[in-house]
1. May I ask you to give the percent of accessible area on the chain that is carbon plus sulfur, with a probe radius of 1.4 Å?
2. Once you have the Cα-Cα distance between ALA122 and PHE101, take 0.36 nm times their residue separation minus that, and quote the gain in nm to one decimal.
3. Suppose R0 equals 25 Å. What FRET efficiency, 1/(1 + (r/R0)^6) with r the Cβ-Cβ distance, do ARG145 and PHE28 give to the nearest 0.05?
4. Show me 85-94, 32-41 ranked by packing, highest mean number of other Cβ atoms within 10 Å first.
5. Could you work out the relative contact order of the chain? I mean the mean sequence separation of Cα pairs under 8 Å and 6+ apart, divided by the number of residues, in percent.
6. So what is the calculated 222 nm ellipticity per residue for the chain, using -39500 (n - 2.57) for each DSSP H run with n of 4 or more, over all residues, to the nearest 500 deg cm²/dmol?
7. With every protein chain left in place, what is the accessible area per residue of the chain in square angstrom, probe 1.4 Å?
8. Kindly rank 145-155, 99-109 from highest to lowest mean number of other beta carbons found within 10 Å of each residue.
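The values are calculated or read from the model by the stated rules, or taken from the named source; none is laboratory data. Treat the numbers as computed from the prediction; the structure is a model and nothing was measured. Methodologically, a virtual Cβ is constructed for each residue, glycine included, from the backbone with ideal geometry; neighbour enumeration extends over all protein chains shown. Side chains included, ligands, DNA and RNA excluded: accessible areas come from the protein's heavy atoms. Shrake-Rupley method; radii C 1.70, N 1.55, O 1.52, S 1.80 Å.
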Amino acid sequence: MSATGYPDFYPVTPAFGSPFDTGKRFAFSPQYKRLSFQGGLYFVSARRFLLQQQAKRKQVVRSFLYSVSERNQITGLGATHPTELANIFDGGDVTDFFVRFVNTLDPNTNGGTGIHWPMYTADSPQLLTFVEGKTRLKVIPDTFREESNQFLTQLGLEQPV
């Protein structure tokens, strides 16, 4: 595999870049949003690869997504890594999950928010997702941009950084 597939998944058109689904907004330069491959390579595809490997070994694993287009976003950058920490440690939506996990190793014990945080399995990869609106938590399949992330995973395995 080579990086020649890169233009297919990360075209020059800024509307297709990260933060995703924001059109031409946040296109600070012609190439800025095209750099979304870095988030895919270092975060999304790496996370999926790790979770899938652990799930195949029947490990109990869970994952979440802090939606970049909807919560605590920094203009032009989306939801950067530390933006979810206040939600965990300052009484946000995930605090109950965190406290239950620390005490029982299961974020779903003893009731809580009313939504079940599913295990991430090879057959059904799911994410607990933090979003805006009346329903602030939802479960989604971890299949968004799957083809481009498979490309990045394979590229990373064959040509490690």
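1. That fraction is 57 percent.
2. 5.4 nm is the gain from fully extending ALA122 to PHE101.
3. After rounding, the FRET efficiency stands at 0.70.
4. Going by the mean number of other Cβ atoms within 10 Å, highest first, we get 32-41, 85-94.
5. 23 percent
6. Working: 6 runs with 48 residues, N = 161.
Result for the chain: -8000 deg cm²/dmol, rounded to the nearest 500.
7. Heavy-atom accessible area per residue stands at 61 Å².
8. Descending packing order for the listed peptides: 145-155, 99-109.
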